[in-house]
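K.L.:
My questions will all concern the structure given below.
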Amino acid sequence: MFHAPMMRPRRQGRHRDQVNLSPALIMLAAKAYQQYEALPVKPPVTFALLAYNIAAHVVPALALPFDARQVCVNTASVLSAWRWGDVEQLALRVVGSCFLHGDDMHLYWNMGSLLVKGVHLEQRMGSEAFAAFCAFAVVASSFFSVLLGAITTQFGWPPRCAVGFSGVLFAMKVLCNYGAHSEASTARTSVWGVKVWSRHAHWLEIVVSSYLHASTSLVGHAGGALAGILWLYLPAIKAFIEYKAAARAAAPRGQRYTYANGTARAPARPATYSEAMAAVVARAPA
C-alpha cells in the first residue's frame, strides 16, 4: 500500500476530474494485452481486477470518483466511521482504498505483480474460489491494517492514510509461498542479499520495502500477509467450530429432541478434533 500524503502533484498523480494517461500506463496496458493473448485459458477474475484498477486510475470519474483523502484507510478514519455508523464511508475506506493508487508507477508495479500472482493462483484455485479469496483479502487486509495501526499508535507511531492493492497482493504472495513450499521445506530465497526460508520470505520483503521506500505502508502490507495466513487457516477454524458445536449437541441432556412431527437424534460427536478436520476436508468440493 501507498501513503496518500506522499502523492506527487501532477506528472504521475491521479486527478479525479480528468483522464490520467502516461507512458507508464500505456506500457502497462500493452503488457496486460500481451499476456492476455499469450494465455491459452484467460483468467477472468485476474483481468477484471486489473481492468478495474486501471479504470479507477485513468478514468476516475467513471470508476472511482473520490480523492485519496476520502478513500484512504487508517485506524482513525475507519474507527470514526464505525463509531458514527457511517456505513457508506466505512465501506468506501475498507474496500475502495484497495482500488485507488497514489501515482502511475504505484499502479504499474502493483498491476505487474497482479498479472503474475493472480494468473498463477486463479489457474490453481479456479475462478470462483479465487474471486472469493480476493473479496476476503480486500476486507481482511483492511481490517488487519486498522488493527495493527491501533497497536502501533499505542507505541507512538500512528500510521498515515494509505491506498493501493498491495495488501491484497501480499495476501496472494502468502498463498504462493505456502503453496510452493511445505512446512518441512528447507528452500531459501535471497531478499536483498539476505537468505531466508522461501515459505516466509514475504515478511522480510515487507520490512525491507518499508525501510527503502518511505511512502509504503508497513501496516498495510503486514495486514495483507495476515489476511493470507487467516485464509489458509479458515478450514481449521471451521473444523474447530464444527467440533465444538457437535460436542455441545452430543451433551447428555440433548441426545434426543422432540418436534411436532417426531423425534430426532443429535449428530454423533467426533472423537477428536482431527476427525472433525478430516470430515470438513472430505465434504469440501474437489
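K.L.:
Normalise the Cα radius of gyration of segment 102-247 by 2.2 N^0.38 Å (N = residues in it) and let me know the number.
P.N.:
This ratio for segment 102-247 stands at 1.11.
K.L.:
Got a sec? What order do 37, 205, 88 fall in by accessible area at 1.4 Å, biggest, i.e. largest, first?
P.N.:
88, 37, 205
K.L.:
Follow-up question, since we're still on this one. If I ignore ligands, DNA and RNA and count only protein heavy atoms, how much of residue 186 is accessible to a 1.4 Å probe, in Å² to the nearest 10?
P.N.:
About 110 Å², rounded to the nearest 10.
K.L.:
Stick to Cα atoms and the Kirkwood definition of Rh, then tell me Rg/Rh for segment 165-208.
P.N.:
For segment 165-208, the value is 0.97.
K.L.:
Below 16 Å, Cα to Cα, which lysines can residue 31 reach? Residues fewer than 8 away in the same chain don't count.
P.N.:
42, 117
K.L.:
Pop the C-beta distance of residue 151 and residue 247 into the FRET formula with R0 = 45 Å and round what comes out to the nearest 0.05.
P.N.:
0.85
K.L.:
Another question, then. Please work out how much accessible surface residue 27 shows to a 1.4 Å probe, ignoring ligands, DNA and RNA, in Å² rounded to 10.
P.N.:
The accessible area of residue 27 comes to roughly 110 Å².
K.L.:
What distance in nm separates the simple spin-label points at residue 124 and residue 63, each placed 7 Å from Cα in the Cβ direction?
P.N.:
Taking the two extended label points, one gets 2.6 nm.
K.L.:
Of the accessible area of segment 108-203, with the probe set at 1.4 angstrom, what percent is carbon plus sulfur? Before the final figure, lay out each step's value.
P.N.:
Values: 2950 of 4580 Å².
On segment 108-203, the fraction of accessible area on carbon and sulfur atoms equals 64 percent.
The values are calculated or read from the model by the stated rules, or taken from the named source; none is laboratory data. Values in this document were obtained by computation on a predicted structure and should not be read as measured data. Neighbour counts are summed over all protein chains in view; Cβ atoms, including those assigned to glycine, are modelled from backbone coordinates with ideal geometry. Only protein heavy atoms, including side chains, enter the accessible area calculation; ligands, DNA and RNA are left aside. Shrake-Rupley method; radii C 1.70, N 1.55, O 1.52, S 1.80 Å.
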